[in-house]
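The values are calculated or read from the model by the stated rules, or taken from the named source; none is laboratory data. Because the structure is predicted, anything quoted here is derived from the model rather than measured. In this analysis, Cβ positions are derived from the backbone assuming ideal geometry, glycine residues included, and neighbour counts consider all displayed protein chains. For accessibility, only protein heavy atoms count, side chains too; no ligands or nucleic acids. Shrake-Rupley method; radii C 1.70, N 1.55, O 1.52, S 1.80 Å.
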Amino acid sequence: MKDVKSICIKNTCIQDGIPCICVSLMGKNEDMILKNLSRLLQEEIEIIEWRIDDLEELEIDTIIRIAKKIRSLVKKQILLFTLRSKEEGGTAV
């Protein structure tokens, strides 16, 4: 078996023998995303996966604006940004 090194981001180490809890953040628009994020931030999770494939409007300006708001609210958790294709279970691409 290969020697697997840990990857540490903020206060979370991945591949350290302890599973991390990762929860998807989804929403059709900014209001839904921020409302869902508010709920997630009250839970004991280490990683938040923002799934932009669920957005109704996949415009770069919209994505950047929402990303800045999310980043300002997510303090402890790792923020993972994904755009899943339909083959990967995504909804928009």
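Filtered by the rule that a residue be surrounded by 11 or more Cβ atoms within 10 Å (Cβ to Cβ) and touching a residue at least 60 places away in the same chain (Cβ under 8 Å), region 1-35 gives 9, 10, 12. Considering region 80-93 alone, what residues qualify as being surrounded by 12 or more Cβ atoms within 10 Å (Cβ to Cβ) and either in a loop (DSSP other than H, G, I, E, B) or modelled with pLDDT of 95 or more (or both)? Within region 80-93, 83, 84, 90, 91, 92, 93 qualify.
Sub-9 Å Cβ pairs linking a first residue in region 66-91 that is at negative phi to a second residue that is hydroxyl-bearing (Ser, Thr, Tyr), at least 6 apart or interchain, are 73/38; 76/12; 77/12; 78/12; 82/24; 84/91; 88/82; 90/82, ordered by first then second residue. Sub-6 Å Cβ pairs linking a first residue in region 36-63 that is closer than 16 Å to residue 81 by Cα to a second residue that is basic (Lys, Arg), at least 6 apart or interchain, are 53/84, ordered by first then second residue. Any chance region 6-20 includes a residue that's in contact with a helix residue (DSSP H, G or I) (Cβ under 8 Å, 6 or more places away or on another chain) and either closer than 23 Å to residue 84 by Cα or among the hydroxyl-bearing types (Ser, Thr, Tyr) (or both)? No, that holds for no residue. Those residues that are out of contact with any Asp or Glu (no Cβ under 8 Å at 6 or more places or on another chain) and assigned to a strand (DSSP E or B), I need them from region 32-78; list them, please. Within region 32-78, 47, 48, 49, 50, 51 qualify. For the condition among the basic types (Lys, Arg) and open to solvent by less than 80 Å² (accessible area, probe 1.4 Å), residue 71 does not qualify.
For (1) touching a Lys or Arg at 6+ places or on another chain (Cβ under 8 Å); (2) within 17 Å of residue 75 (Cβ to Cβ), each residue gets a yes or a no:
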{"residue": "5", "(1), (2)": "no, no"}
{"residue": "14", "(1), (2)": "no, no"}
{"residue": "26", "(1), (2)": "yes, no"}
{"residue": "40", "(1), (2)": "no, yes"}
